[in-house]
1. Exactly one condition in (1) of a type in the set (D, E, K, R); (2) surrounded by fewer than 20 Cβ atoms within 10 Å (Cβ to Cβ); (3) in contact with a Leu (Cβ under 7 Å, 6 or more places away or on another chain) is false for Asp8; which is it?
2. Got at least one residue in region 2-20 being under 20 Å from Leu85 (Cβ atoms), small (Gly, Ala, Ser) and touching a residue at least 60 places away in the same chain (Cβ under 8 Å)?
3. Any chance you could count how many residues in region 176-217 are over 23 Å from the mean Cα position of the chain (by Cα), crowded, with 18+ Cβ neighbours inside 10 Å and farther than 29 Å from Leu137 by Cβ?
4. Counting only residues that are assigned to a loop (DSSP other than H, G, I, E, B) and modelled with pLDDT of 85 or more, how many does region 149-198 have?
5. Can you name every residue in region 112-127 that is more than 17 Å from Val206 (Cβ to Cβ) and either of a type outside the set (Lys, Arg) or not assigned by TED's automatic domain parsing to the domain that holds His96 (or both)?
6. Could you list, in sequence order, the residues of region 248-282 that are closer than 15 Å to Leu221 by Cβ, in contact (Cβ under 8 Å) with a residue 24 or more places away in the chain and either of a type in the set (Val, Ile, Thr) or part of a loop (DSSP other than H, G, I, E, B) (or both)?
7. Is there any pair with a first residue in region 76-90 that is touching a residue at least 40 places away in the same chain (Cβ under 8 Å) and of a type in the set (Gly, Ala, Ser) and a second that is assigned to a helix (DSSP H, G or I) and surrounded by 14 or more Cβ atoms within 10 Å (Cβ to Cβ) whose Cβ atoms are under 8 Å apart and which are 6 or more apart or on different chains, and what are they?
8. Specify the residue that is surrounded by the most Cβ atoms within 10 Å (Cβ to Cβ); the eligible residues are those in region 17-76 that are among the β-branched types (Val, Ile, Thr) and more than 22 Å from Glu127 (Cα to Cα).
Amino acid sequence: MALSGGGDSTALLHLCLRAGCRVEAVTVDHRLRAESAAEAAAVGEVCRALGVRHEVRVWTHGVVPGNLMDAARRARTGLIRDWALSRGIGVVALGHTQDDVAETVLMGLARSAGVAGLSGMRSAWDENGVRFVRPLLAAGRSELRDWLRAKAIGWVDDPTNENDRFARVKARKALALLAPLGITARTLAEVAGNLAQVQAALAVQVADAAGALVREDSGALWLEPALWAEPVEVQRQIVVAGVLWLSGAEYAPRAAELARLMDALRAGRDATLAGCRARQGWLMKEPRAVGPAVPVGAVWDGRWLVEGPECEGPEGEVRALGADGLRQVKDWRKAGLPREVLLVTPGVWEGDRLRAAPGAGLSAGWTAHLQRPFILRR
């Protein structure tokens, strides 16, 4: 399990032990405060007294640009996953609570999120062979702390949780102000649960529409004109899924930016968003957003595996076809795809010489396979 030493994870630790679970714990030291190493060590002492194997994983970083909390969350998840894999642990429990669900809903409202963004937090998901679970989503933060006090179990409060610099802290404080209106962590969590049921039903309609009206071709998506006769929320979720698939991003774009992209797609105009490009009914990657060159045999752009005969020299690599490559493919138009789509497909290069471009019709014994096909599940 992930153990910060705060009230939520401390309660989870003791509840797991009382339930007879075999527990190992990991603490991530984010190295964002001078006291963090000592605090992580103190958590280790608590575990030692309980007979729980404990390990500290350190986030090594310099200056963190952009959203610090999001970067820390990503790093934390990766470090916890790597710890679990190294220990042969298949399930990691996290101490998120009903209050975390409510705060997530408020943060989604601030982003003008749709149904999916207001459906709370996942209770479980799989990531690279590790299953993450959140068994305390029905429990309130104060409820857990009352239980700890009754059992004379101490915990440590992270001062970061009081720093108004962070959106989640602002949401936490706003939630307290909304209580007189009857808007509490419990009621917001119930709303999130209701919306999660709506999202589950809507996902069936979205998957059916995508299966009938969206075609994946050479790493791009062709959106049939009939898609724009579907309900707006169905359209929106399909476009969001396309953007996330192409960009590899975890979060959907803001509502206003997404609406701008959808308007362009409907009208057949050019537009860009999050490294994606809309053009004449196609949604594809922007040339500037594709990954750098990789050696032959490595996954390129986070999604393409190109395989074929060995290159003649040591310079063989996979990189975007681009305009230079397309000029070396005489019959590229026979592929039946727009030039803009082909520009961001993989090419096999030896220096400046294009050896193969499977998507543009120059195979030369090479194949290109997407490692992440576009599939919307029901």
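1. Every condition holds for Asp8 apart from (2).
2. yes
3. Final tally of qualifying residues: 2.
4. 9
5. Those that are more than 17 Å from Val206 (Cβ to Cβ) and either of a type outside the set (Lys, Arg) or not assigned by TED's automatic domain parsing to the domain that holds His96 (or both): Ser112, Gly120, Met121, Ser123, Ala124, Trp125, Asp126, Glu127.
6. Within region 248-282, Gly248, Ala274, Gly275, Gln280, Gly281 qualify.
7. Note: pairs meeting the criteria are Gly90/Ala84.
8. Checked region 17-76; the qualifying residue surrounded by the most Cβ atoms within 10 Å (Cβ to Cβ) is Val43.
The values are calculated or read from the model by the stated rules, or taken from the named source; none is laboratory data. Nothing here was measured: the structure is a model prediction, and the numbers come from that model. All Cβ positions, even for glycine, are placed from backbone atoms using ideal geometry, and neighbour counts span all protein chains on display.
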